[in-house]
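Just below is one structure, and these are the notes that go with it.
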Amino acid sequence: MRIRSAVVRLARSKIVTLRPLLFIAVTTTAGLFGCGRVLGTSDYTIQSSRSERATPESWDASDDAGQSPHVTIAVGGAPYSSSECEACIAANCDTFDAGASGTRRARCSDDPFCRQWLARLQQLHDPNDAIDLAAVVQDQGWDGLHGGTDQSGIQQAFLDCTSQNCLSECALGRDFSCAGSFDWSASSPRTIRTEILAGYLDTVPDPPLNLRLCPTALVDCSAVLSQATTDPGGFAVFALPAMTPPTSLSAFLYADRTTQFPPFVGSYSNPFIADGFQSWYPFSLDLIQSWYRQFNLTFDDTSVMIEVYPFDCRGLRAKGVAVEAWLDEPNGVHQCDECAIAYEGDGFVPDFRLQGLVSQGALAYIVNAKAQSQLIIVERMTPDLGGAIVGVHRLSLLPGAAHYVHLFPYPRASQSLVDAIQAVEASPSSN
């Protein structure tokens, strides 16, 4: 079974929940930036680098002894914490396919890995901790795909079932309390692991993709940090030099056009984590061209397509949000009037009736942006939830390329950009 990530799995052939890398979540009070105590214990802390980060073996059984997976914690608003959620799970997810072990009558509460993952998910809300928790799950997927044991099957089945059936009842993907109130940690990764499979098909790229890891500031990839080629399983591993002192790595993945794909650009609003494992599911040129026709447009060497995968503070697929496209030009920032936006619906294809990410769909499509421009992706709560900006990300656009962006809530460092956008919206000329 391929990895699914509530923070990262992007395959579209079946319902997908980003395993916390990319992954599903909700509201707590701002300012609680640690995960030192979990359900009354203090012997577990999510670390900021893989060499120190927790493994399933370090999740002591005392952490969750006697605890229900649907605990209502003191800060309130945590996912999976309401009686409505409990009832929905009982009605829809008491029996589900647990993967290699077959179908078993068990919920998350019966599986130690799933139970402890859920307890930690409910406690955290800082994206740094969310990504580290996701990395623990992703490591399980990597091990399972490389001859080891994957303990995350029940957790993935539970996440899939609840995201399909109980999005609203379990308050999934709605925690944006961290926006503008945290800083990204520096982790100085030495290796970066990736998986590339064709979107919808889950097939290995053919021909293989020659991938480059490039600094974000160099949109033409004129300097290369590391290179790797997808192997017969679609995997590639990048090696990086040591960085002293620890330095956040802001970079993007790039692959030239092949007979199967247009140029591929994969980027994150968050820094790469140490020894992280990320899965990407680029769409074929034929599929992208068919979607462009739905916009009454043509995708060619001058076109740009952007697919945005937003996450909330807990690393879960964001819900109740909409995406906007802005341009950063010499005369200031302003909305991209020519850009068109659509959202993925329950069928995992663009649904032009949707005005935001309010269903099982995970991504937003932005088309008709100008190549070689500086685009600002703005994520805000939908109007019925107040419309506040919760995410921003600058993106340099390459002509003819398909851009894939993982978007987390914005850190303190991006507050000035949010202020600039809000100033434009408040000016008389914008009314």
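The values are calculated or read from the model by the stated rules, or taken from the named source; none is laboratory data. For clarity, every value in this text was computed on a predicted model and none was experimentally measured. So basically every Cβ, Gly included, is an ideal-geometry build from the backbone, and we count neighbours across all protein chains shown.
Quick look at the numbers
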item	result
Qualifying positions in the stretch 259-314 - within 29 Å of Ile389 (Cβ to Cβ) and of a type in the set (Phe, Trp, Tyr)	Phe264, Tyr268, Phe272, Trp280, Tyr281, Phe283, Trp291, Tyr292, Phe295, Tyr309, Phe311
Yes/no for Phe238 being surrounded by 14 or more Cβ atoms within 10 Å (Cβ to Cβ) and modelled with pLDDT of 90 or more	yes
Total residues in the stretch 378-394, condition over 19 Å from Leu316 (Cα atoms) and at pLDDT 90 or above	2
For Ala157: the one exception among (1) more than 28 Å from Tyr410 (Cα to Cα); (2) surrounded by fewer than 24 Cβ atoms within 10 Å (Cβ to Cβ); (3) not hydroxyl-bearing (Ser, Thr, Tyr)	(2)
Strands (runs of 3 or more DSSP E) (entirely within the stretch 311-352) containing at least 2 residues that are crowded, with 18+ Cβ neighbours inside 10 Å	321-329, 340-344
Among the candidates Gly315, Gly266, Gly233, residue that is modelled with pLDDT of 85 or more, of a type outside the set (S, T, N, Q) and at positive phi	Gly315
Of all residues making up the stretch 272-324, the number that are more than 30 Å from Leu145 (Cβ to Cβ) and of a type outside the set (A, V, I, L, M)	15
Filter pass, Gly199 being out of contact with any Cys (no Cβ under 6 Å at 6 or more places or on another chain), over 24 Å from Arg394 (Cα atoms) and surrounded by fewer than 19 Cβ atoms within 10 Å (Cβ to Cβ)	no
Number of positions in the stretch 96-152 that are modelled with pLDDT under 85, part of a helix (DSSP H, G or I) and polar (S, T, N, Q)	2
All positions within the stretch 340-377 that are on the phi > 0 side of the Ramachandran plot and at pLDDT below 85	Phe348, Gln372
Yes/no for Leu167 being in contact (Cβ under 8 Å) with a residue 60 or more places away in the chain, surrounded by 15 or more Cβ atoms within 10 Å (Cβ to Cβ), hydrophobic (A, V, I, L, M, F, W, C) and in contact with a Gly (Cβ under 9 Å, 6 or more places away or on another chain)	yes
Condition check for Asn296: surrounded by 14 or more Cβ atoms within 10 Å (Cβ to Cβ), assigned to a loop (DSSP other than H, G, I, E, B) and not aromatic (Phe, Trp, Tyr)	no
Top-ranked residue in the stretch 313-366 [being of a type in the set (Lys, Arg) and touching a residue at least 12 places away in the same chain (Cβ under 8 Å); ranked as nearest to Ala134 (Cα to Cα)]	Arg314
Residue within the stretch 420-430 that is more than 18 Å from the chain's Cα centre (by Cα), part of a loop (DSSP other than H, G, I, E, B) and over 30 Å from Ala171 (Cα atoms) present	yes
Near pairs, Cβ below 7 angstrom, 6+ apart or cross-chain, from the stretch 282-299 (touching a residue at least 12 places away in the same chain (Cβ under 8 Å)) to any residue that is part of a helix (DSSP H, G or I)	Phe299/Ile288; Phe299/Gln289; Phe299/Tyr292
Some residue of the stretch 69-87 being within 13 Å of Gln155 (Cβ to Cβ), hydrophobic (A, V, I, L, M, F, W, C) and at pLDDT below 55	no
Subset of the stretch 170-202 [of a type in the set (Ser, Thr, Tyr) and within 13 Å of Tyr410 (Cα to Cα)]	Ser177, Ser181
